[in-house]
Amino acid sequence: MAIDVKETAKEIESGNAVLGIEFGSTRIKAVLINSKNIPIASGAFDWENSLKDGIWTYSLEEIHNGLATCYANMKQDVKEKYGVTLKKLKALGISAMMHGYLAFDKNGTLLVPFRTWRNTITGKASEELSKLFNYPIPERWSISHLYQAILNNEPHVSNVAFFTTLAGYVHWQLTGNKVLGIGDASGMFPIDIATKNYNAKMISQFNELIKGKGFSWKLDDLFPKILVAGENAGTLTAAGVKLLDKAGDLEPGVPLAPPEGDAGTGMAATNSVKVRTGNVSAGTSVFAMVVLEKDLSAAYNGKIDLVTTPDGSLTAMAHANNCTGEYDKWISLFGQAIKACGFDVKKGDLYENLLAAALEGDKDCGGLIPYNYISGESMTGLSEGRPLFVRTQENNFTLANFMRAQLFTALGALRTGMDILFDTEKVVIDKLNGHGGFFKTQKVGLTVMSAAMHTPISALSTAGEGGPWGMALLASFLVNGKGKKLEDFLDKEVFGDSKAVTVMASDEDIAGFNAFFKNYTKGLAVERAAIEAVD
């Protein structure tokens, strides 16, 4: 839909625009939307996590700088497009990569560096808590990080007064409120779907478990308060303005939506909050979300997480730490090779051509088996990662097969989890929507994902807007929902005229992925050996 510059400028000046900001793994992005929920401006800040003392982390300074820079870039985009300075917002929302551990003392001082979702150092805690609760407690979850710190006898634990996620932290800094959207909270601790709160029975079990440790706190004292989509999560304070808008132009008092995780914003951005809908978000990491009709028959710890939609419906989540990161490295290497030969190719063209080559490869990738494990992968039981490329002399080693194999392996760990949902639990999905960087080359991404999931995959025309837009929609729902259910608001106010491209992989493509996946599964022994042998 075409944007009317003059009308949009008036909307911005009158304070009717809504902003969503999402802290992704490699990029912080802000998306501003108008009263029709259409993106009108954006800004971004690229960043990378650091491995310090064996911990994947981002510093608070990086978080604050990224937030302010991202906002400033979005604000500049508004100025350039519409000739006005952004001073008012109707609503605002913060989202971020889920899970992880940010622990603070009673004075609000960070006790240990932020431990992100990428860390796979909580295996013992995950195993013990899953057994105690008879419920899947993944290594990434905040409670796993807290309990692992207890098992490690880390001195900071006795001083913990509050712990939260990245979205919860940023929201706290902007509003002063220690709250969390239910979807993000479901990556901290199990949720009781009936009460829309942390599971009281499991909290009691945890408190009993640590009773002899002598801590002055109980678990329920440490959590942020849970809110569901549509509930007011506070307003932007004067201190929050200083953090967000260094120029000080933005007026305080902006209402904020409950801070959410990237899983929840992905569901909103793909209209996948109804029962029997789902989405696949594929970028640096990859996860599939399926809104369930009923609970699963068993706990699949390390394979399937149970989380919620932003309005509190039970959702199965198959999550893999590694997706596009390794083939990004290979494409960068090919770009360097081209440049060394005296040629210059734009980054977008490089991706488009190399990824498109994958569709010309043998259906089974000619027997080539790469592993994209930059970090560990709990889905396949690996605490560390070693990127590998494995072949025999008989394999058909071509560029097309190499690129096809890189795309297939990006979904190998995810397929491990999805087999449980489709084959063991017989979960039925009416539609599965894809979004994220994996689908930038749309036909390639949809075809490969469909082959891996053996189900039709759709990409909405708005899918490229991603999580930040999803967060903006949740903020819009806060002020424009008018008593509607979230699914009805999305259906009628956002996606009513949305178009989609749907791809169903051929039987040959599906059989090819199955053949690759069989080799991939067998070859995990090589990956394990590499972890043991290569430091």
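The values are calculated or read from the model by the stated rules, or taken from the named source; none is laboratory data. All values reported here derive from a predicted model rather than from experimental measurement. With ideal geometry, Cβ positions are generated from the backbone for all residues, glycine too; neighbour counts draw on all protein chains shown. Just so you know, the surface numbers come from the protein's heavy atoms only, side chains and all, with ligands and any DNA or RNA stripped out. Shrake-Rupley method; radii C 1.70, N 1.55, O 1.52, S 1.80 Å.
Some observations on this one:
- Whole-percent pair-distance distribution, where bins are 10 Å wide, for the alpha carbons of the range 385-488: 11, 31, 31, 19, 5, 2, 0
- Share, in percent, of DSSP beta bridges within the chain that are antiparallel, nearest 5: 70 percent
- Förster-model FRET efficiency, 45 Å R0, Glu127 and Ser14, C-beta, rounded to 0.05: 0.25
- The orientation-averaged projection of the convex hull spanning the C-alpha atoms of the range 217-325 amounts to 10.2 square nanometres.
- If you bin all the Cα-Cα distances of the range 1-142 at 5 Å, starting from zero, the percentages per bin are 2, 9, 15, 16, 13, 11, 10, 9, 7, 4, 2, 1.
- Modelled spin-label separation between Asp491 and Lys88, with each label point placed 7 Å from Cα along the Cα-to-Cβ direction: 3.4 nm.
- For the range 459-519, the list of trypsin sites (Lys or Arg not before Pro) that fall in a loop by DSSP and count at most 16 other C-beta atoms within 10 angstrom reads Lys482, Lys484, Lys485, Lys499.
- In plain terms, if you count all Cα to Cα distances in the range 476-535 and split them into 5 Å steps from zero, the share in each step is 4, 13, 11, 8, 7, 7, 8, 10, 11, 13, 7, 1 percent.
- Where the range 110-262 is the region considered: accessible area per residue in Å², 1.4 Å probe: 37 Å²
- Nitroxide proxy distance, nm - points 7 Å out along Cα→Cβ at Ala200 and Ser216: 2.8 nm
- Rounded to whole Å, sorted largest first: equivalent-ellipsoid semi-axes of the range 455-501, Cα gyration tensor: 21, 13, 8
- Per-selection Rg to Rh, the range 1-77 - Cα, Kirkwood hydrodynamic radius: 1.12
- FRET efficiency, Leu209 to Asp53 (Cβ-Cβ, R0 22 Å, nearest 0.05): 0.20
- Translational diffusion coefficient (Stokes-Einstein; Kirkwood radius from C-alpha pairs) of the chain at 25 °C, 0.890 mPa s, in µm²/s: 104 µm²/s
- Subset of Lys124/Lys303; Lys79/Lys246; Lys303/Lys485; Lys90/Lys482; Lys6/Lys88 violating a 19 Å alpha-carbon distance limit: Lys303/Lys485
- Rounded percent of accessible protein surface that carbon and sulfur make up, the chain, 1.4 Å probe: 49 percent
- Rolling a 1.4 Å probe over the heavy atoms of the protein chains gives the range 368-409 an accessible area of 37 Å² per residue.
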